[in-house]
Amino acid sequence: MTDFLLELRCEEIPARMQAGARAELEKLFSAQMKAAGLATGDLRIWSTPRRLALIARDLPDATEAVREELKGPRTSAPPQALEGFLRKTGLTQDQLEDRDGIWFALIERAGRATRDVLAEAIPAIIRGFSWPKSMRWGRDSYSSESLRWVRPLSGIVALFGDELVECEIDGIRAATATRGHRFHCPGDITIGSAADYAEKLRACHVIVDHQERAAIIRDGAAKAAAAAGLTLVEDEGLVVENAGLTEWPVPLLGRFDPAFLEVPPEVIQLTARVNQKYFVVEDSDGKLANAFVCTANIAASDGGAAIVAGNEKVLAARLSDARFFWEQDQKKTLEQHAEKLANITFHEKLGSVADKVERVAKLARWLVEEGVVKSSSVPAQAGTQGDNAPTLTKAELADQAELAARLCKADLVTEMVGEFPELQGLMGGYYARAEGLPDAVADAIRDHYKPVGQGDDVPTAPVTVAVALADKLDTVSKFFEIGELPTGSKDPFALRRAAIAVSRIIEANEIRLPLWPIIAGQIMLSGGSSDMYAIVRQKFWSRTRSEIHQEYRWDIPHERFPDPLETLPMVVDGLLDFFADRLKVQQREAGVRHDLIDAVFALGGEDDLVRLLDRVKALQAFMTTDDGANLLAGYKRAANILKQADMSVAPAKAGAAGDGAPTPTPPAFAGATDEDRALLAALDSAEPAASAAVADERFTDAMVALASLRAPIDAFFEGVMVNDPDEAVRAFRLGLLARFTDAVHSVADFSKIEG
């Protein structure tokens, strides 16, 4: 068994591409070895800015001989089938064997030297390599057949044991020599085998193991900060990036003018990180200090003093720009900045960002005025927590929510956000505080984009909740209105993320928000009218989704829809289904069984997410009990019997006419058994109890009511024959089972539950 070393050396590989390149090299090498019948054993893949390296341990010296039997076409098949089989096998017809009218080919391949296999595999790996971006170079680059690589490929080291694997690609021949550090050891280094590769490069100031370089940077940066009495702000992404930029990393501490600390700390950190790849540090109070840690790629003879001085000068120039933006932006109020939003197109069919802000402001105010977002026990100003802290009235909260919404996008036109788009929202919060706006308004401007990702914080402050909800509901509803829906993996307007964010805000704050009227009103809201919400309140607020469909004629005139409004119900229904799908994804990730989610969502007609989730959680708890498991078994048996009898067991849609009314039971027959009477009595008791509990949102109590049916239904199946020859008896018992499934469906569609 022998080790194999492959090094592909080139010009600077971007740090962001190195992890993918390591994975690609492993994939391609493994595929080539598998195709040749070679087991790869342990693989080590390393990268530096100037090389990719692979070491495969314990490869056999040769492949094994192969004896393979292939089944071909029938002897009576058309000649074309036989010709294709012969081309595939490389044999002639007289070499085939006829077995009961079917051609068989016996193929024997002798073993091959592993070094020969590797010599063929290396060019194939290089040509098959996939880079996010690649280039051609040299005199042959005009041809589309010339080699493509991330940067010009300059050398190949290929050693099987201590023997060279001879191969060539585009004039680059494999050799035993590589290059060390560009400055410390620029000459050739002869590699003897895989065993001495890493150590020979280390002696020439190249640490080939990317994980080792990352550890040096991580520990060295922390020590450099600690030596100055400071604490490093951990940034693992920056550690990996610096490891991809250096072959001999040396962390060094530098300083900048304390006057720059007047700029918000996030700006300083982003300037240092994005532009210069520097770490920032904090003082003993946890505040940003006027220091940074850079990573040199050389062990300087002066201890790095000149390197630090150069980096300090570059960072000072960057921070000067940032301070200029900070000062210039504050020469105008956010309201003045917001005037420019009319010049920014939000979407060609939805107007400008100013139009969106107008809609969001109206919706944010309305959410407060309707009591969806409440102000009770909420401090008027951040930082004034306490028993005697003043609280906001509904009118004050509504005013602050509208003000925050009107200013929440103003920082998009500032110089700072133009330079660092990542700071949108955050800078608006800083500018709001600087001009003396209430802290609640500044916080809402800062946090109204949240939650952005799965791990992001969910807003809980009332003003922020109102603005964040309004912003996301407007985005989703308006894009659905114009038909810009996510398709497959494509979601250019991040509507899936916005829908999940709405669900998380509603769930975290236990907001009782009927989505149907909110979305309908937002879609109907025109740029200059605020009366549409009064119509929504009057026409939709107290009605269920199904009642609106059945009872209301869409005769509210609006410029975007025909009269009557035939398209609005379809748009809103599609949007609610979209919210339901996103909520399913979110709850699955939170550990809720997918079949239980489907069982509750199958009832349909529900647009109160808090009520939906409470029902799902109660169902999940119930299904972990013996009563739940046995009731499910009884339900499935009843459903099968009803199906065989051509009787529907589909649950009634929530909000439908007659919802909650039990299925009438046929008249009892003379001589009904104890089991018949017991199940009938249990249904007479459980049905109204479960329906009342569901209406009062006492879903656990509804499950308890259903649990009372377990013993009667078990006894019923044990003691009677449902499909009795007597038609009256059979009708009565099928009616009991229909009532039983209806009672269960008042909580969830049990046909969706697995088990």
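Taken together, the values in this text are just the output of simple stated rules run on the coordinates, not laboratory data. Worth saying up front: this structure is predicted, and the values here are computed from it rather than measured. Using ideal geometry, Cβ is built from the backbone for each residue, glycine included, and neighbour counts are taken over all protein chains shown.
When the Debye formula is applied to the Cα atoms of the range 64-104, each taken as the same point scatterer, what base-10 log of I(q)/I(0) results at q = 0.18 Å⁻¹?
So the normalised log intensities are -0.47.
Hey, what does the equivalent ellipsoid look like for the range 91-240, semi-axes from the Cα gyration tensor as sqrt of 5 times each eigenvalue, largest first, whole Å?
Working through the eigenvalues yields semi-axes of 46, 21, 20 Å.
Please arrange Trp149, Trp131 by how many other C-beta atoms lie within 10 Å of their C-beta, fewest to most.
Fewest to most other Cβ atoms nearby, the residues stand as Trp131, Trp149.
Take the Cα gyration tensor of the range 180-308, multiply each eigenvalue by 5, square-root it, and list the three semi-axes largest first, rounded to whole angstrom.
On the way: eigenvalues 205, 39, 29 Å².
Sorted largest first and rounded, they come to 32, 14, 12 Å.
Per the Kirkwood treatment, what hydrodynamic radius in Å, one decimal, follows for the range 258-306 from the mean inverse distance over all distinct Cα pairs?
12.1
Calculate the translational D of the range 676-732 in whole µm² s⁻¹ from Stokes-Einstein, where the hydrodynamic radius comes from the Kirkwood formula applied to all Cα pairs, the temperature is 10 °C and the viscosity 1.306 mPa s.
Approximately 128 µm²/s, per Stokes-Einstein.
Provide the descending list of Cα extents for the range 1-81 along its principal axes, expressed in whole angstroms.
61, 31, 16
Among the trypsin sites (Lys or Arg not before Pro) within the range 280-347, which fall in a DSSP loop and have no more than 12 other Cβ atoms within 10 Å of their own Cβ?
Details: sites: Lys287, Lys313, Arg318, Arg323, Lys331, Lys332, Lys340; in loops: Lys287, Lys331, Lys332.
Within the range 280-347, the qualifying trypsin sites (Lys or Arg not before Pro) (loop, at most 12 other Cβ atoms within 10 Å) are Lys287, Lys331.
Please state, as a whole number in µm²/s, the translational diffusion coefficient that the Stokes-Einstein equation yields for the range 99-151 at 4 °C and 1.567 mPa s, with Rh defined as the Kirkwood radius across alpha carbon pairs.
D = 87 µm²/s.
Starting at 0 and stepping by 10 Å, how many percent of the alpha carbon pairs of the range 284-433 end up in each bin?
Reading the bins upward from 0: 10, 24, 26, 20, 12, 6, 2, 0.
What would the Debye equation give as log₁₀ I(q)/I(0) for the range 126-170 at q = 0.33 Å⁻¹, counting only Cα atoms as equal point scatterers?
Taken in order of the listed q values, log10 I(q)/I(0) reads -1.29.
Order of 711-718, 455-462 by packing, highest average Cβ count within 10 Å first?
Descending mean neighbour count gives 711-718, 455-462.
Over the chain, what is the relative contact order in percent, taking alpha-carbon pairs closer than 8 angstrom and at least six residues apart?
Relative contact order for the chain comes out at 7 percent.
How big is the range 256-369 by Rg and Dmax over its Cα atoms, in Å?
When restricted to the Cα atoms of the range 256-369, Rg and Dmax are 20.9, 69 Å.
Based on the Cα gyration tensor of the chain, what are the three equivalent ellipsoid semi-axes, each the root of five times an eigenvalue, rounded to whole Å and given largest first? Before the final figure, lay out the partial values.
Values: eigenvalues 698, 452, 121 Å².
Here the semi-axes work out to 59, 48, 25 Å.
Could you work out the Kirkwood radius for the range 422-491, taking every pair of different alpha carbons, averaging 1/r and inverting it, reported in Å?
13.4
Only Cα pairs under 8 Å and at least 6 apart count here; give the relative contact order of the range 449-519 as a rounded whole percent. All intermediate terms of the calculation are to be shown ahead of the outcome.
On the way: 50 pairs, mean separation 26.7, N = 71.
Relative CO of the range 449-519 lands at 38 percent.
Return a whole-number percent for the relative contact order of the range 148-192, with Cα pairs under 8 Å and 6 or more residues apart as the contact set.
Numbers: 55 pairs, mean separation 13.1, N = 45.
Once normalised by length, the contact order is 29 percent.
So what is the orientation-averaged projected area of the range 38-167, using the convex hull of its C-alpha atoms, in nm²?
Directional mean of the projected Cα hull area for the range 38-167 stands at 12.3 nm².
Using the Kirkwood formula on the Cα atoms of the range 404-530, what hydrodynamic radius do you get, in angstrom to one decimal?
This gives a value of 15.5 Å.
Quick check on the chain: helices-only [θ] at 222 nm, where DSSP H runs of length 4 and up contribute -39,500 (n - 2.57) each and the sum goes over total residues. Nearest 500, please. Kindly include the intermediate steps, with their values, before the conclusion.
Details: 27 runs with 360 residues, N = 755.
Computed ellipticity for the chain at 222 nm equals -15000 deg cm²/dmol.
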